[in-house]
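Colleague: My questions all concern the structure below.
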Amino acid sequence: MMLPRHVAITMDGNGRWAAARGAPRTAGHKAGLEAVRLCIKECSRLKIEALTLFAFSSENWRRPAEEVTTLMSLFVEALDRELDELHRQGVRLRFIGERGALAMRLQTRIAAAELRTAVNTGLKLQIAVNYGGRWDIVQAARALARDCAAGALRAADIDETRLASRLALAGLPDAELLIRTGGEQRISNFLLWEAAYAELYFCPRLWPDFEAADLAAALAFFAGRERRFGNTTAARTGAAGS
Ligand code: IPE
Ligand code: IPE
Ligand code: MG
């Protein structure tokens with residue numbers, strides 16, 4: 001079966017999962033961690049090159065302060081608890097997003113986790129925290145503008161490759177399969193650039209309920225797609241006829 005090199009997941013539906021149980025929304029975020037573990041394990045087992053998980057968007061600050069605070073604490077706790085095991089699995093962990101706005105204790109752990117796992121050769125795992133696709137494109141444009149101002153780059157030399165090299169996911173293959181749980185069929189400012197040709201898979205399951213069979217279904221869906229990238233089937237496959 002043809003596997004994607006890079007799977008990206010918008011982990012949505014934690015709040016609804018909790019509400020259905022009469023529990024506070026934060027209980028859903030806690031429960032979602034199990035699905036995170038499972039996806040990392042499965043992608044490692046299948047030797048998928050990269051997995052990018054959307055954990056907190058640049059717009060999620062709009063939520064009630066209490067929910068935001070709990071989420072941030074959960075990130076810190078999850079890192080403290082899971083890092084040894086991730087390292088043991090050979091995972092290379094990175095965070096994407098504007099980290100300057102995060103609490104210092106989270107920034108410190110992120111830096112330590114990235115440093116510790118930097119030379120690992122297993123799954124390339126990206127966690128998007130305070131990430132927005134628009135933010136990413138803006139910060140890349142700013143970096144290029146700085147190079148131009150310094151005389152190191154000419155505006156005419158800026159092309160897709162050069163811009164992509166300044167994005168948070170530079171060096172990774174484009175997202176090939178984008179999964180969103182929770183039933184909403186929207187992008188919500190996730191990988192705007194890298195998902196240009198991603199196959200989109202919307203799963204009605206709420207994130208804490210996401211299990212191995214759901215990931216398998218998404219991968220089977222991907223394997224069944226014909227990826228034309230703007231070309232025609234005939235030209236792509238070299239078949240006769242128009
Ligand atoms: C996704 O679940 C997790 C984050 C955005 C942090 P939600 O919290 O958005 O859950 P729903 O969509 O309200 O059910
Ligand atoms: C997208 O989910 C962000 C994450 C899963 C981290 P949201 O719940 O924030 O998206 P909207 O508000 O439904 O678009
Ligand atoms: Mg949501």
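The values are calculated or read from the model by the stated rules, or taken from the named source; none is laboratory data. These numbers come from a predicted model, not from an experiment. All Cβ positions, glycine included, derive from the backbone under ideal geometry; neighbour counts span all protein chains shown. Accessible surface is based on the protein model in full, side chains and every heavy atom, while ligands, DNA and RNA are left aside. Shrake-Rupley method; radii C 1.70, N 1.55, O 1.52, S 1.80 Å.
Colleague: What single numbered condition from (1) away from ligand 3 (no atom under 16 Å from the Cβ); (2) farther than 22 Å from residue 204 by Cα; (3) surrounded by 14 or more Cβ atoms within 10 Å (Cβ to Cβ) fails to hold for residue 58?
Modeller: Looking at each condition in turn, residue 58 falls short on (1).
Colleague: Is it true that residue 42 is open to solvent by 30 Å² or more (accessible area, probe 1.4 Å), within 15 Å of ligand 2 (Cβ to nearest atom), under 16 Å from the mean Cα position of the chain (by Cα) and not polar (S, T, N, Q)?
Modeller: Spelling it out, it is not the case that residue 42 is open to solvent by 30 Å² or more (accessible area, probe 1.4 Å), within 15 Å of ligand 2 (Cβ to nearest atom), under 16 Å from the mean Cα position of the chain (by Cα) and not polar (S, T, N, Q).
Colleague: Please work out which residue is least open to solvent (accessible area, probe 1.4 Å), limiting yourself to segment 1-28 and to residues that are away from ligand 1 (no atom under 11 Å from the Cβ), assigned to a loop (DSSP other than H, G, I, E, B) and touching a residue at least 60 places away in the same chain (Cβ under 8 Å).
Modeller: 4
Colleague: Also: Can you spot a residue in segment 170-183 that is within 16 Å of ligand 1 (Cβ to nearest atom), over 23 Å from residue 227 (Cβ atoms) and surrounded by fewer than 19 Cβ atoms within 10 Å (Cβ to Cβ)?
Modeller: Looking through segment 170-183, at least one residue is within 16 Å of ligand 1 (Cβ to nearest atom), over 23 Å from residue 227 (Cβ atoms) and surrounded by fewer than 19 Cβ atoms within 10 Å (Cβ to Cβ).
Colleague: If we scan segment 124-136, do we find a residue that is touching a residue at least 40 places away in the same chain (Cβ under 8 Å), in contact with a strand residue (DSSP E or B) (Cβ under 9 Å, 6 or more places away or on another chain), among the acidic types (Asp, Glu) and not in a helix (DSSP H, G or I)?
Modeller: Among the residues of segment 124-136, not one is touching a residue at least 40 places away in the same chain (Cβ under 8 Å), in contact with a strand residue (DSSP E or B) (Cβ under 9 Å, 6 or more places away or on another chain), among the acidic types (Asp, Glu) and not in a helix (DSSP H, G or I), which makes the answer no.
Colleague: Which residue out of 70, 52 is at pLDDT 95 or above, polar (S, T, N, Q) and touching a helix residue (DSSP H, G or I) at 6+ places or on another chain (Cβ under 9 Å)?
Modeller: Among 70, 52, only 70 is at pLDDT 95 or above, polar (S, T, N, Q) and touching a helix residue (DSSP H, G or I) at 6+ places or on another chain (Cβ under 9 Å).
Colleague: Still on this model: Step by step: first the residues of segment 1-19, then only those that are within 16 Å of ligand 2 (Cβ to nearest atom) and over 19 Å from the mean Cα position of the chain (by Cα), then the one that is farthest from residue 194 (Cα to Cα). Which residue is that?
Modeller: 19
Colleague: If I go through segment 62-73 residue by residue, how many of them are within 18 Å of the chain's Cα centre (by Cα) and within 16 Å of ligand 3 (Cβ to nearest atom)?
Modeller: Final tally of qualifying residues: 1.
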